[in-house]
Amino acid sequence: MRGRMVLRTIRLNGWDPSWLRGFLLALTFLAGALAGHLYAAACGEDTWAALSRYLDDYCRLYDGGSGEASMLSCVVMYFGYAGALFLLSFSAAGVALIPALSGAFGFFTMYTVSCFVRCYGRAGVALALGALAVRLVFTLPCFLVLAGAAWPLSMELFSLSFGLGKRSSPVLYGGRYFLLFVLCAVILAIGVFCERLLTPVLFRLALRSI
């Protein structure tokens, strides 16, 4: 009996709540992705006709060499979510807004994929990968890592702001957190370079399947 209690204590002491937070953030991303897919499927025929024309024009521009995203738009696409996470880590509102941001990330990603698939069938999968693959390789891991670090800080602020942490010490933003943000910023900057270099090539290769 005593041996079981010791083993149970070891398991409890070895429990890392960051795993649970990471799981919840991934779950909200997947829930947002499901919502994006269902929303795309629920759109009416008029909406899809207009969207199909827009995507056709977009593909023609890309095929002609003039559809690449500008440097400014690439920076916004890559650093938008990371910057929002960094700011929300200094706010008690991040308790709710960080998971919501994860859901929004999943929603818009899957909505884009569903639009391509709805308009072009199986070829739309290749188009979606050509348009999003490079971006997701860089932005999704950085988002989940930063969200996992920012969310507990926001939770502590929430506890202090609403009297749940009156006896707690002040929230400390250590050098490790800022170093993590800088590291992700460097990775995202490399991603912007790869986006402008590789995505046009991948998307034009995908266009050949249409």
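The values are calculated or read from the model by the stated rules, or taken from the named source; none is laboratory data. Remember, it's a predicted structure, so these values are computed and weren't measured experimentally. All Cβ positions, even for glycine, are placed from backbone atoms using ideal geometry, and neighbour counts span all protein chains on display. For the accessible areas, the whole protein counts, side chains as well, though only heavy atoms, and no ligand, DNA or RNA atoms are used. Shrake-Rupley method; radii C 1.70, N 1.55, O 1.52, S 1.80 Å.
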What's the extension gain from Arg204 to Leu160 if we count 0.36 nm per residue and subtract their Cα-Cα distance? 10.6 nm
If I stretch the segment between Leu197 and Leu179 completely, what's the gain in nm (0.36 nm per residue apart, minus their alpha carbon distance), one decimal? 3.7 nm
In Å², rounded to a whole number, the accessible area per residue of the range 68-165 with probe 1.4 Å is 44 Å²
Point-to-point label distance, Val76-Phe23, nm (Cα→Cβ direction, 7 Å offset): 3.8 nm
Radius of gyration and maximum dimension Dmax of the range 34-138, Cα, Å: 15.8, 47
Over the Cα atoms, compute the radius of gyration (one decimal) and Dmax (the largest Cα-Cα distance, rounded to a whole number) for the range 88-189, in Å. 17.8, 58
Along its three principal axes, how long is the range 52-114 when you only count alpha carbons? Whole Å, largest extent first please. 47, 26, 11
By accessible area (1.4 Å), largest first, Ser89, Ser209, Ser159 order as Ser209, Ser159, Ser89
Between Ser91 and Arg60, what's the calculated FRET efficiency when r is the beta-carbon distance and R0 is 41 Å? Round to 0.05. 0.40
